[in-house]
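The values are calculated or read from the model by the stated rules, or taken from the named source; none is laboratory data. Since we're looking at a predicted model, the values are computed, not measured. Don't worry about glycine lacking a Cβ; one is built from the backbone with ideal geometry, like all the others, and counts go over all protein chains shown. SASA here: full protein model, heavy atoms, side chains in, ligands and nucleic acids out. Shrake-Rupley method; radii C 1.70, N 1.55, O 1.52, S 1.80 Å.
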Amino acid sequence: MPGPALDPVGTDPSLPARADVVIIGGGIIGVTTALFLAERGVTVVLCEKGVLAGEQSSRNWGWVRVMGRDRREIPLAMAALNIWDTLDARVCGETGFRRSGILYISETEQDVANRDAWLALARPHGVDSRQLTADETRERMGGAAIRYKGSLYTPGDGRAEPQKAVPAIAAGARRAGARIVTGCAVRGIEKSTGRISAVITEKGRIETSTVVLAGGAWSRLFCKGLGVRLPQLKVRNTVLRTAPVEGGPDGAGATATYAYRKRLDGGYTIATAGANLHPLVPDTFAFFQDFREARKAEGESVQAGLSAQSWRELFEILPQPLDRPGAFERHRILDPRPDPKSVLRAFEEARKALPKLRTVAPVQIWAGLIDVTPDVVPVISLAQELPGLVIATGFSGHGFGIGPGAGHLVADLVTGDPPIVDPSEFRLSRFSDGSPIEIAPPV
């Protein structure tokens, strides 16, 4: 089933012979990295095996939030919000970003307690989050038909349009001097004296000393071919969009059973965080111990099972020669089968609370594969095993919102400029240096 329609964007037809930096992956992380590097005068080429934002960067909920973030992500999320404010003017395009606020809606006293605990952790960072009463929550939800206990509300959080943002940012990056080539899989990396010397693509070789891997759910497979251990798995989430409707709550909100987000076209994006599928693949067993704490924390919100992805990855265990097509060319875009039953159930729950949704019908349902790490925090890191490689992946469903901050941080790591936030929390080596796996408590 195809994903949502993307805004059209021009790309480049050919590769340069060399570049200062080659970026692998044309999602939100890749294109924002390209933008920030090009603005600094770095010659950069981005290679995308499919289409820009063809996977999770266009299939996510469209939330841009600080609220509820792991303590390690809060500074990066705040930096990203400030960048979102400037993006439309910066790229001369429409990303759909609006600071319209987000609600975490409390149904139980435990929900309220969890949110108080997060507020205590987050307040030193200067967040504008606060707890709302039942009446205030009803008002923020446009007159909800259900009376909730309250909500955690962050007025400075926002929303953007996943189908618009990456094309707009990519166009801005090209105007700044980046070259972006789609339909161009990177097969692997050449090394000389232990460092990167070139990338090999299906369209030819690019001489370079620096590579940014922003491959999302594909990053683990690429790292495997380089001998770099990246503990990362995939989780499927299903999303629904409605036809436009007049009125209804602005912004976004979520309960345990449904999440909503007002779209720029007047419709709503509906989803649920409690019906995710992890396809059983060889990496499930390779990283069984790494994800032990994550399995405990997620409980029943993530189910494991067989899918088409399970069988496909059985044939991707062995490395592929660089002179012939491999998995990156056989499967250009991950397009998992959605779970309509779960998202339609979430839609019905949302309709009970939001009367305006009772007059509107679903238009499209799609699914995406989220790249997840053992502590549900991204890797934004130099790879110690291979000088010249920077890895930006494992965003665990948070990548769209913090994408511009992450792209800025990656550009800082590449150029050696002062980092926008301390990158040490995102180092890849935390999974191998004996550091405990830290899982944030529920919010």
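Which distance in Å, rounded to a whole number, links the C-alpha centroids of region 62-115 and region 339-360? Each part's Cα centre sits 23 Å from the other's. Scoring 232-238, 264-270 by mean Cβ neighbours within 10 Å over their residues and listing the highest first yields 232-238, 264-270. Max-minus-min Cα coordinates of the chain on each principal axis give 65, 46, 44 Å, with the largest extent listed first. Taking all C-alpha pairs of region 104-262, those more than 29 Å from each other amount to 48 percent. On a C-alpha basis, how far is the centre of region 235-288 from the centre of region 370-441 in Å? Whole number, if you could? So the separation of the two Cα centres works out to 24 Å.
Across the alpha-carbon atoms of region 37-168, the computed radius of gyration and Dmax are 17.6, 55 angstrom. Normalised by 2.2 N^0.38 Å, where N is the number of residues, the alpha-carbon radius of gyration of region 314-403 equals 1.60.
Rounded to the nearest 10 degrees, the angle from helix 109-122 to the longest Cα principal axis of the chain is 50 degrees. Of the solvent-accessible surface of region 21-431, computed with a 1.4 Å probe and all protein chains present, 53% belongs to carbon and sulfur. Only alpha carbons enter this Debye calculation for region 1-115, each as an equal point scatterer, and the log10 of I(q)/I(0) it gives at q = 0.11, 0.13, 0.18 Å⁻¹ is -0.50, -0.68, -1.13. In terms of accessible area, using a 1.4 Å probe and ignoring ligands and nucleic acids, 192, 197, 219, 432 rank largest first as 432, 192, 197, 219.
Across region 226-243, coupling constants 3J(HN,Hα) worked out from phi with the 6.51/-1.76/1.60 Karplus curve, θ = phi - 60°, read 9, x, 9, 7, 10, x, 8, 10, 10, 9, 8, 10, 10, 10, 10, 10, 9, 5 Hz, and Gly and Pro carry x. Normalised per residue, the accessible area of region 21-431 is 37 Å², obtained with a 1.4 Å probe and no contribution from ligands, DNA or RNA. Contact order, relative form, for the chain: 24 percent (alpha carbon pairs under 8 Å, 6 or more residues apart, mean separation divided by residue count). Across region 256-271, coupling constants 3J(HN,Hα) worked out from phi with the 6.51/-1.76/1.60 Karplus curve, θ = phi - 60°, read 5, 10, 7, 9, 9, 8, 5, 9, 5, 7, x, x, 10, 9, 10, 7 Hz, and Gly and Pro carry x.
Restricting the GluC sites (Glu not before Pro) of region 336-390 to loop positions (DSSP other than H, G, I, E, B) with no more than 15 neighbouring Cβ atoms within 10 Å leaves 385. Of the residues 91, 231, 355, the one whose Cα sits farthest towards the positive end of the charge dipole of the chain is 355 (charges of +1 on Lys and Arg Cβ, -1 on Asp and Glu Cβ, taken about the Cα centre). Please give the helix 340-353 orientation as an angle from the longest Cα principal axis of the chain, in degrees from 0 to 90, rounded to the nearest 10. Helix 340-353 and the main axis of the chain meet at about 40 degrees. Phi-derived couplings, Karplus 6.51 cos²θ - 1.76 cosθ + 1.60 at θ = phi - 60°, listed residue by residue for region 22-35: 10, 9, 9, x, x, x, 4, 6, x, 6, 5, 4, 4, 4 Hz, with x used for Gly and Pro. Across the cross-link table entries 234/341; 164/262; 164/352; 149/341; 224/296, which are compared at the Cα atoms, the separations over 23 Å belong to 164/352; 149/341; 224/296.
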